[in-house]
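A.B. asks: If you scroll down you'll find the structure; I have some questions about it.
The values are calculated or read from the model by the stated rules, or taken from the named source; none is laboratory data. Here the structure is a predicted model, which is why all the values come from computation and not from measurement. Cβ: placed from backbone, ideal geometry, glycine included. Neighbour counts: every protein chain shown.
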Amino acid sequence: MFRYGVQCALENLGERVPAVFRGSIQQVLEWSRQAGYEAVELYFHSPKEYDVKEFKRIAEDNGLKYSGICTGLEKLINQLCLTDADSAVRAKAVDRLKEHLDFGTEIGCPVVVGTMRGNIPSWSERQVYLDRLAEAMVQLDAYAGQVGGELLIENILQYVSNYLNGVDEVGSFIRKLGLPHVKLHIDTHSMHMEEKNPYDVVRKYGDILGYVHFSDSNRGYPGSGMIDFKAYDHALMDVNYQGYIVAEYQPYPTAMESAVRGLEYMRLMERAAEIERLAFKE
């Protein structure tokens, strides 16, 4: 059986931001438990401002794990970017991600590198920016090895990021890096926009797949749009995926309703895929 987590933000963000629960760590963990999830994904910034021991205690009290840490707010709020033209900003971004790796190691989860990679201002500079990102990932991979952490690079659709959009692009970048603590993170909403056959690329990169976001075509909960999540389940089963599937979507009609509906639908699609894979006649 798959394990399911839900994304939670620790501050009040715009309603269109795809984070299901928003509030204090106590609140979001209680709500996640009530909705039936096994784990929580944290969407936060400046980890040194938080008490990691408190995070561990509250999770244990609610019988929950942490699935991952998303770091995009470091770019949005703190303007930290791994490919910035200013080398001082790049160094600060790497240091901040090391802080996230420390935090993630303490609570037992990987760290996502998404929008912190920034955009490429001119396509003629594409290789320069890819080299900067690669250099940062080499540094971070070495640090992850020291502390026992893991990094994930996410595919992000072209309306948010202007490179590393499709899974092929991200997967080939990761394979070229060949770093032991860096894995692929896929997002179904981005894949709906970017892929010709999203299920085939899951199978193609199953050996480096470390994390999955489920979000429907309309950025709503699974079942609210037109994505075939049962086909995704088949692909994930084909590669024997063992990581978390995390609900990352806009909280409509309410946060709790979307969380409950999404989890119920994901579990139903998983069970349907399991039944379809049974032999009809021995």
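A.B. asks: Taking the residues in region 27-57 that are touching a strand residue (DSSP E or B) at 6+ places or on another chain (Cβ under 6 Å) and aromatic (Phe, Trp, Tyr) as candidates, determine which candidate is surrounded by the fewest Cβ atoms within 10 Å (Cβ to Cβ).
C.D. replies: 31
A.B. asks: Does region 245-282 hold any residues that are surrounded by fewer than 14 Cβ atoms within 10 Å (Cβ to Cβ) and not acidic (Asp, Glu), and which are they?
C.D. replies: Result: 253, 254, 271, 275, 277, 278, 279, 280, 281.
A.B. asks: When the residues of region 138-183 are narrowed to those that are assigned to a helix (DSSP H, G or I) and either in contact with a Gly (Cβ under 8 Å, 6 or more places away or on another chain) or small (Gly, Ala, Ser) (or both), which ends up nearest to residue 203 (Cα to Cα)?
C.D. replies: In this case the residue turns out to be 171.
A.B. asks: Under 8 Å by Cβ, and 6 or more places apart or on different chains, what pairs join a residue from region 236-247 that is within 22 Å of residue 69 (Cα to Cα) with one that is of a type in the set (A, V, I, L, M) and in a loop (DSSP other than H, G, I, E, B)?
C.D. replies: 247/20
A.B. asks: Still on this structure: Look at region 117-148 and say how many of its residues are among the aliphatic types (A, V, I, L, M) and farther than 16 Å from residue 102 by Cβ.
C.D. replies: 8
A.B. asks: Moving to a separate point now. Residues in region 196-203: is at least one within 24 Å of residue 6 (Cβ to Cβ), touching a residue at least 60 places away in the same chain (Cβ under 8 Å) and buried (at least 17 other Cβ atoms within 10 Å of the Cβ)?
C.D. replies: no
A.B. asks: Ok, one more. Six or more apart or on different chains, Cβ under 8 Å: which pairs go from a residue in region 93-119 that's touching a residue at least 12 places away in the same chain (Cβ under 8 Å) to one that's surrounded by fewer than 19 Cβ atoms within 10 Å (Cβ to Cβ) and aromatic (Phe, Trp, Tyr)? Could you list them?
C.D. replies: Note: pairs meeting the criteria are 98/143; 101/143; 103/50.
A.B. asks: When residues of region 23-37 are filtered for being in contact (Cβ under 8 Å) with a residue 40 or more places away in the chain and either out of contact with any Cys (no Cβ under 7 Å at 6 or more places or on another chain) or among the aliphatic types (A, V, I, L, M) (or both), how many remain?
C.D. replies: Residues that pass the stated criteria total 5.
So that you can scan it fast, the table gives a plain yes or no per residue for (1) of a type in the set (D, E, K, R); (2) surrounded by 14 or more Cβ atoms within 10 Å (Cβ to Cβ):
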site	(1), (2)
117	yes, yes
130	no, yes
139	no, yes
152	no, yes
178	no, no
182	no, yes
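A.B. asks: At least 2 residues that are farther than 19 Å from residue 147 by Cβ in each: list the strands (runs of 3 or more DSSP E) lying fully within region 22-120 that qualify. Show your work before the answer.
C.D. replies: Details: elements: 39-43, 65-70, 111-113.
In region 22-120, the matching strands (runs of 3 or more DSSP E) lie at 39-43.
A.B. asks: I need the full set of residues from region 244-279 which are small (Gly, Ala, Ser) and at pLDDT 95 or above, in order please.
C.D. replies: 247, 255, 258, 259, 262, 272, 273
A.B. asks: Cβ-Cβ distance below 9 Å, separation of 6 or more or different chains: which pairs start in region 257-275 with a residue that is touching a residue at least 40 places away in the same chain (Cβ under 8 Å) and end on one that is among the basic types (Lys, Arg) and assigned to a helix (DSSP H, G or I)?
C.D. replies: The qualifying pairs are 269/230; 270/230; 272/230; 273/230.
A.B. asks: Residue 60 is checked against (1) in contact with a strand residue (DSSP E or B) (Cβ under 9 Å, 6 or more places away or on another chain); (2) over 19 Å from residue 140 (Cα atoms) and fails just one. What number does that condition carry?
C.D. replies: If we test residue 60 against (1) in contact with a strand residue (DSSP E or B) (Cβ under 9 Å, 6 or more places away or on another chain); (2) over 19 Å from residue 140 (Cα atoms), just (1) comes out false.
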